[in-house]
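K.L.:
Quick one: the structure is below, questions incoming.
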Amino acid sequence: MPNLKRHEATPHLWGLCRMVVLPKSVSAESGSRPVVANARGLQPWLLEQAQRIETAKRIPEDVAERLASAGLFRMTQPPHFGGLGMTPGEAWEAVFEVAKGCGSCAWIVGLNTANILMIGKFSEAAQRDVFLSGKPAVVSMLTGGVAVGATVERVQGGVVLNGRWRYASGIDVASWAGLLVSLPAHNGEAQGPHVVLVPKEEFSIDDSTWNVLGMRGTGSKDIYLKNAFVPEHRWLSWTELQAGKKHPTCPNQEAIYEYPLNSVFAMSVLAPTLGVASAVAEEFVEVVKSRVSGATQLRQCEDKVAQIEVAMGEATMAMLRQNLLADSDLVIEIIHSGRLPTPRERAAIRMRIAVSARTALTAAQRMFAAMGGSILPMSTRVERLFRDLHAMSSHLLLQPDGIGEAYGRLLLGMELPPGARL
């Protein structure tokens, strides 16, 4: 039998969250820079906690509390519901900073940024449930075909869910889960796939299902639902979401809630990946400063090749981070011009995301190789960065093949391949 843990309120952050006083620096009126500064200020503490987070195979409650108090879970929460309403580009800057302290924390903050933005497209009633519950809005979104044996039954006023869902990132500290399910036909009409929102009281966590090479602290475990009721106001058509539409009662008029979903989802995994890759470049500098060649007994920092590699690594990461921020802002500029990005524009951005991820990994590999045996000792920062970066880089949204085919066909004046998601 799986080791199931009922996800209930704890006497820590989620049980006392109404008592958490957020700093004035992260008020909705103060803009994004204080949140970035808060994230940077957390780096030394997160570095100290990184091994504990890995060992726990989850984000501990006190770590989640620090992230919440810094405003990192409210970045794209609508101002209408007490959030900061930051643009994705502003949020990615904060994610970069978190990643230098803990890659797993950055992964959860990055994903949550996109997930909360998506919930900002839901009905006003659903957003009230999620954002005004008195708990930090941390949402684990499971939309990638990860259901196992799931059933959906239509009942009066909603549906009842049963089954198992895999890879629920950050689920131990999540207040909600979003699940992609196919709703049964209603009044003779097919309903198709919908994202439904389920509060933490409705799911159980299988702690035995997360044993991995990298990103151990994300705690991306399986969850089980048993007779979980979801009212109608807590779901939204996946087709409409993919088309950039919002629920008719959605009150949010800010440009970020028009953001194309697949673009922001891909950015949300690239941002922590680039943050971790940037931490590799940072660690490489420190290793080169102190390392002495066993063969020549010369300090590595005196080696011309090492000096060039240090410069190349840092410049590459800075360029990739800037490219992501520029593309994030480009989408906002297009929306402000009164239209949504075209398929070709969305495909171009997605392709640049995939190429950036591949470029970051290649550059990091050169730095890892130059560090030699320094990467081998376990429980060190560089060893953890090695594992986390390779795990992050394997994410489906960062692979160039699928989006490369779609973008290439558009460039050649051809139709998109069936099932292409831009």
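The values are calculated or read from the model by the stated rules, or taken from the named source; none is laboratory data. Computed from a predicted structure; not experimentally measured. Neighbour counts run over all protein chains shown; Cβ positions are idealised from the backbone, glycine included. Accessible surface areas use protein heavy atoms only, side chains included; no ligands, DNA or RNA. Shrake-Rupley method; radii C 1.70, N 1.55, O 1.52, S 1.80 Å.
K.L.:
Can you check what the net charge comes to around residue 412, using other residues whose Cβ is under 13 Å from the Cβ of residue 412 (Lys, Arg +1; Asp, Glu -1)?
P.N.:
Local charge sum for residue 412: 0.
K.L.:
Projected onto the charge dipole of segment 209-285 (+1 at Lys/Arg Cβ, -1 at Asp/Glu Cβ, origin at the Cα centre), which of 267, 212, 228 gives the Cα projection farthest towards the positive end?
P.N.:
The residue sitting farthest along the positive end of the dipole is 228.
K.L.:
What whole-number value in Å² describes the accessible area per residue of the chain for a 1.4 Å probe?
P.N.:
42 Å²
K.L.:
Identify, among 73, 51, 112, the residue whose Cα sits farthest towards the positive end of the charge dipole of segment 38-155, taking +1 on the Cβ of Lys and Arg and -1 on the Cβ of Asp and Glu, with the dipole about the Cα centre.
P.N.:
Checked the options; the winner is 112.
K.L.:
Another question, then. Can you tell me the dipole magnitude for the chain around its Cα centre, using point charges on the Cβ only (Lys, Arg +1; Asp, Glu -1), in Debye to the nearest 20? Walk me through the numbers before you get to the answer.
P.N.:
Details: 42 positive and 40 negative charges, 57 e Å.
The dipole magnitude comes to about 280 debye.
K.L.:
Further question on the same structure: Note down the net charge around residue 249, summing +1 for each Lys or Arg and -1 for each Asp or Glu among other residues with Cβ under 15 Å from its Cβ. All intermediate terms of the calculation are to be shown ahead of the outcome.
P.N.:
Working: positive: 121, 128, 234, 245, 246; negative: 124, 129, 232, 240.
For residues surrounding residue 249, the net value is +1.
K.L.:
Considering only protein heavy atoms and a probe of 1.4 Å, how much of the accessible area of segment 154-301 is carbon and sulfur, as a whole percent?
P.N.:
For segment 154-301, the apolar C and S fraction of the accessible surface comes to 50 percent.
K.L.:
Out of the trypsin sites (Lys or Arg not before Pro) in segment 310-368, which ones are loop residues according to DSSP with at most 10 other C-beta atoms within 10 Å?
P.N.:
339
K.L.:
What is the antiparallel percent of DSSP beta bridges lying wholly in the chain, to the nearest 5?
P.N.:
About 90 percent, rounded to the nearest 5.
K.L.:
If you don't mind, there's one more thing I want to ask. Between the DSSP loop rule and a limit of at most 11 other Cβ atoms within 10 Å, which chymotrypsin sites (Phe, Trp or Tyr not before Pro) in segment 88-191 are left?
P.N.:
Working: sites: 92, 96, 107, 122, 131, 165, 167, 176; in loops: 122.
Answer in residue order: no site qualifies.
K.L.:
Continuing with this model, one more query. Run the dipole for segment 79-160 about the Cα centre, Lys and Arg Cβ at +1, Asp and Glu Cβ at -1, nothing else charged, and hand back the magnitude in debye, nearest 20.
P.N.:
The calculated dipole for segment 79-160 is roughly 140 debye.
K.L.:
State the extension gain, in nm to one decimal, for the chain segment bounded by residue 255 and residue 416, taking 0.36 nm per residue of separation less the distance between their alpha-carbons.
P.N.:
Result: 55.3 nm gained on full extension.
K.L.:
Using Cα centres only, tell me the gap between segment 163-204 and segment 355-422 in whole Å.
P.N.:
Centre-to-centre (Cα) distance: 29 Å.
K.L.:
Residue by residue, what Karplus-based ³J(HN,Hα) values in Hz, rounded to whole numbers, does segment 92-108 have, using 6.51, -1.76 and 1.60 with θ = phi - 60° and x for Gly and Pro?
P.N.:
5, 4, 5, 4, 3, 5, 4, 4, 5, x, 8, x, 5, 5, 5, 4, 5
K.L.:
Filter the GluC sites (Glu not before Pro) in segment 324-422 down to the DSSP loop ones having no more than 12 other Cβ atoms within 10 Å, then list what survives. Write down the numbers at each step before the final one.
P.N.:
Details: sites: 333, 345, 383, 405, 415; in loops: 415.
Counting only loop positions with at most 12 other Cβ atoms within 10 Å, the GluC sites (Glu not before Pro) in segment 324-422 are 415.
K.L.:
Given 0.36 nm per residue, what is the gain on full extension from residue 322 to residue 162 after removing their alpha carbon distance, in nm?
P.N.:
Details: separation 160, 0.36 × 160 = 57.60 nm, distance 4.35 nm.
Value of the extension gain: 53.2 nm.
K.L.:
Provide the gained length on full extension for the span residue 330 to residue 293, in nm with one decimal, where the gain is 0.36 nm per separating residue minus the Cα-Cα distance. Walk me through the intermediate numbers first.
P.N.:
Values: separation 37, 0.36 × 37 = 13.32 nm, distance 4.58 nm.
That works out to 8.7 nm of additional length.
K.L.:
With every protein chain kept in the model, how would you rank 249, 316, 76 by accessible area, 1.4 Å probe, largest at the top?
P.N.:
Numbers: 249 70, 316 25, 76 0 Å².
Solvent-accessible surface, decreasing: 249, 316, 76.
K.L.:
Need one number: nm distance between label points at residue 394 and residue 128, each 7 Å from Cα along Cα→Cβ, rounded to one decimal.
P.N.:
Each label point is offset 7 Å from its Cα along the Cβ direction, giving 4.4 nm.
K.L.:
Along the charge dipole of segment 268-422, Cβ charges K/R +1 and D/E -1, which of 422, 278, 316 sits furthest on the positive end?
P.N.:
Of the candidates, 422 comes out farthest on the positive side.
K.L.:
Something else: Report the Stokes-Einstein translational diffusion coefficient (µm² s⁻¹, integer) for segment 327-422, Rh taken as the Kirkwood radius over Cα pairs, at 20 °C with viscosity 1.002 mPa s.
P.N.:
Working: Rh = 15.6 Å.
The diffusion coefficient I find is 137 µm²/s.
K.L.:
Lysine pairs in the chain 8 or more apart or on different chains: how many have alpha carbons under 16 angstrom apart?
P.N.:
Going through the chain pair by pair, I get 11.
K.L.:
So, counting K/R as plus one and D/E as minus one, what does the shell of residues with Cβ under 11 Å around residue 322 add up to?
P.N.:
The answer is -2.
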